[in-house]
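Asker: Once you've had a glance at the structure underneath, I'll fire off some questions.
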């Protein structure tokens, strides 16, 4: 038993020694971000359109925070309309492809929210909208103000994320049931 424990510790040390250090991992992540930034070319017009999509998203998030299903339906409809009106065709092929991948999720999941009368059902689809919006903001960085990536660890047996203009938590997945449940993951 003693030898088995020593063998397992030795194997663990070998695997850790062979992997990249934290500094090397950070450098790899930085190189990946630089490569992605080289592929993503935007224009002021495109960024302005992205800012409009982001504004509609924040309005939808606020309606869910208020647990107002009727208003959330209206805000989801406005988000879908705003996302569908974005003109990315004058950008390079890679940027256009990225936007199309995000917009499909935003419009499909947002459209699923519109007819729903139960705010908890709407919140289910908001999760996919939020994931796409987080990726969109990380990729395009369309606005010059701080956006807070926030997360709640208690959504349907797991966690769910969202974006907010405010640093203080106002949870769209629970509304007044657990308004302050969550944490700021990072400032984008």
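Asker: Identify the single condition in (1) touching a residue at least 40 places away in the same chain (Cβ under 8 Å); (2) in a helix (DSSP H, G or I); (3) crowded, with 19+ Cβ neighbours inside 10 Å that residue 176 does not satisfy, given that it satisfies every other one.
Answerer: Exception for residue 176: condition (3).
Asker: Follow-up. With the condition being in contact (Cβ under 8 Å) with a residue 60 or more places away in the chain and either surrounded by fewer than 15 Cβ atoms within 10 Å (Cβ to Cβ) or touching a helix residue (DSSP H, G or I) at 6+ places or on another chain (Cβ under 6 Å) (or both), I'd like the helices (runs of 4 or more DSSP H) fully within segment 39-143 carrying at least 3 qualifying residues. Explain how you work it out, then say what you get.
Answerer: On the way: elements: 44-65, 69-84, 93-113, 119-140.
Helices (runs of 4 or more DSSP H) meeting the threshold: 44-65, 119-140.
Asker: Read through the list (1) modelled with pLDDT of 95 or more; (2) farther than 21 Å from residue 81 by Cα; (3) surrounded by fewer than 19 Cβ atoms within 10 Å (Cβ to Cβ), then give the number of the only condition that residue 157 fails.
Answerer: (1)
Asker: Go through (1) at pLDDT 95 or above; (2) more than 15 Å from the chain's Cα centre (by Cα) one by one and return the number of the condition residue 47 breaks.
Answerer: Of the numbered conditions (1) at pLDDT 95 or above; (2) more than 15 Å from the chain's Cα centre (by Cα), the odd one out for residue 47 is (1).
Asker: Answer yes if at least one residue in segment 101-119 is at pLDDT 95 or above and touching a strand residue (DSSP E or B) at 6+ places or on another chain (Cβ under 6 Å), and no otherwise.
Answerer: Looking for residues that are at pLDDT 95 or above and touching a strand residue (DSSP E or B) at 6+ places or on another chain (Cβ under 6 Å), one finds none in segment 101-119, hence no.
Asker: Kindly check whether there is at least one residue in segment 78-88 that is more than 28 Å from residue 168 (Cβ to Cβ) and modelled with pLDDT under 95.
Answerer: Yes, that holds for at least one residue.
The values are calculated or read from the model by the stated rules, or taken from the named source; none is laboratory data. Remember, it's a predicted structure, so these values are computed and weren't measured experimentally. As a convention, Cβ positions derive from the backbone with ideal geometry for all residues, glycine included, and neighbour counts pool all protein chains shown.
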